[in-house]
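Working notes, beginning with the structure itself.
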Amino acid sequence: MAKLQAIRGMNDILPGESLTWQYVETCFRRVVKQFGYQEIRFPIVEQTQLFKRSIGEVTDIVEKEMYSFDDRNGDNLSLRPEGTAGCVRAADQHGLLYNQQQRLWYQGPMFRHERPQKGRYRQFHQFGVEAFGMAGPDIDVEVLQVAAALWQVLGLTQYVQLEINNIGSSADRKQYGAALTAFLAKHEEQLDEDSKRRMHTNPLRVLDSKNPDVQTILRDAPQLADYVSDESKQHFAELKALLKSLNISFSENPRLVRGLDYYNYCVYEWTTDALGAQGTVCGGGRYDGLVEQLGGKPTLAAGFAIGIERLVLMLDGLKLVPEEALQAIDMYILPPSSEDTAASMLLAEELRAAFPALGIICHCGGGKYNSQIKRAFNAGARLAVIPEPAEKGVLTAIRLRMLDEEGKTETVSKDELVTKIRELLSNSGD
Ligand code: HAM
């Protein structure tokens, strides 16, 4: 029978890679904790309506990319294509939003039926933060600070650039959209099919067109900046001043409109040249209207999401994952014979108690020294712990062999064991 394969665009994360994932997750958790954000977990499946009403009916995500299906009750459900909608639904449903301030974070898989390529998948993972109940621009900047702190911890600061834009309120954008549609209508015959369709349904998305001919036409198009309210300009100016005071570099990109409809005022993306075509590692902004749009009380909100696959690709490509984060196994114990199994397993217990942070395998399945030591090397262990045969069930002498190039070996008594191991491992470069 033919073997079944994973679904295209949905990746398995194998043991070698999962160490990098764990490293990134640990760093992210540390950073959000430092900023006082708390974790929220919400389902992967929600009513399709939730995403339609938040992300917007006329967006690529809702029009083309959602995994939607009728369940056995006939309810139309979707795999979440992003986290903000579910986060807002959950926080509002449980009364976390009304008259309160919240700083929340989440992490997990998202699903979009896009054309897979490097850095773009159908199941991908995001870290997200969402802050509720604060007017800003201080909170907008705080949220950006969280991302900047993560880049710092991961050593990525020099590889990412922040682009920001003020997209005004949804009323501002409606007015601007009308002006843009009128402009595009004059050039309709030069537009591609996608832009012709979007010109009427969601004209701002035409600004994102990758078609160079469309971009040429857009050079003379009306500018969103001329339509945004004074209030949003003030907010944006204060935000930029704060970013400067905090030494967070940025550039303004008047073309940046984002692919989701719920934003207002400041939107942003962090991009990198280190990834090729899929260079956006983080996107976000304010979305003050969303909670109300989903049936809650008006609630100010701001947040971002980071694509974890893209982070992992960057860290691997730039070799920025520290050695110790990639060290899964530290010690490998080689029982000399089946009579010594119990004594060796007990020794492993003792060593795990003495070195709680280290990975310690006690060889299972028998075999000669040569095949066991091969397993120790294959496991990537740093040290082989090789007891001499036990005398009346008690281990006395133990050989230690470093599994590096030098291969230093020495035999110690049981009493000296922990001290000697500590010495050997601390001398081995970390
Ligand atoms: P987004 O820009 O759609 O925003 O996605 C955020 C990040 O997720 C992107 O910058 C990218 O790194 C990653 N990403 C998106 N699609 C894919 C994909 N197909 N494969 C791999 N990575 C991908 C949002 O999702 C908003 N919910 C962000 C937000 C939170 N805004 C406010 N709060």
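For this structure, a couple of remarks:
- Restricting attention to segment 418-427, the residues that are surrounded by 15 or more Cβ atoms within 10 Å (Cβ to Cβ) and without any contact (Cβ under 8 Å) to a residue 24 or more places away in the chain total 1.
- Looking only at residues in segment 298-321 that are assigned to a loop (DSSP other than H, G, I, E, B) and touching a helix residue (DSSP H, G or I) at 6+ places or on another chain (Cβ under 7 Å), the one that is nearest to the ligand (Cβ to nearest atom) is Thr299.
- The residues of segment 56-89 that are of a type in the set (A, V, I, L, M, F, W, C) and closer than 10 Å to Arg112 by Cβ, listed by number, are Ile61, Met66, Leu79.
- Filter pass, Glu63 being acidic (Asp, Glu) and within 12 Å of the ligand (Cβ to nearest atom): no
- Matching helices (runs of 4 or more DSSP H) fully within segment 131-209 where at least 1 residues are open to solvent by 20 Å² or more (accessible area, probe 1.4 Å) and small (Gly, Ala, Ser): 138-154, 170-185
- None of Thr280, Thr341, Thr271 is of a type in the set (Val, Ile, Thr) and touching a Gly at 6+ places or on another chain (Cβ under 7 Å) except Thr271.
- Ser344 being touching a Pro at 6+ places or on another chain (Cβ under 9 Å), open to solvent by less than 20 Å² (accessible area, probe 1.4 Å) and either more than 16 Å from the ligand (Cβ to nearest atom) or under 30 Å from Glu269 (Cβ atoms) (or both): yes
- Within segment 330-353, the set of residues being modelled with pLDDT of 95 or more, not β-branched (Val, Ile, Thr) and not in a helix (DSSP H, G or I) comprises Asp330, Met331, Tyr332, Leu334, Pro335.
- Of the residues Leu246, Leu275, the single one that is open to solvent by less than 40 Å² (accessible area, probe 1.4 Å), of a type in the set (A, V, I, L, M, F, W, C) and assigned by TED's automatic domain parsing to the domain that holds Lys52 is Leu275.
- Between Gly83, Gly95, the distinction of being within 14 Å of the ligand (Cβ to nearest atom) and out of contact with any helix residue (DSSP H, G or I) (no Cβ under 7 Å at 6 or more places or on another chain) belongs to Gly83 only.
- Within segment 98-142, considering residues that are among the hydroxyl-bearing types (Ser, Thr, Tyr) and within 14 Å of the ligand (Cβ to nearest atom), the one nearest to Gln293 (Cα to Cα): Tyr106
- Among the candidates Arg29, Arg53, Arg72, residue that is within 23 Å of Leu311 (Cα to Cα), among the basic types (Lys, Arg), modelled with pLDDT of 95 or more and not in a strand (DSSP E or B): Arg29
The values are calculated or read from the model by the stated rules, or taken from the named source; none is laboratory data. Since we're looking at a predicted model, the values are computed, not measured. Note: ideal-geometry Cβ built from the backbone for every residue, glycine included; neighbour counts use all protein chains shown. Only protein heavy atoms, including side chains, enter the accessible area calculation; ligands, DNA and RNA are left aside. Shrake-Rupley method; radii C 1.70, N 1.55, O 1.52, S 1.80 Å.
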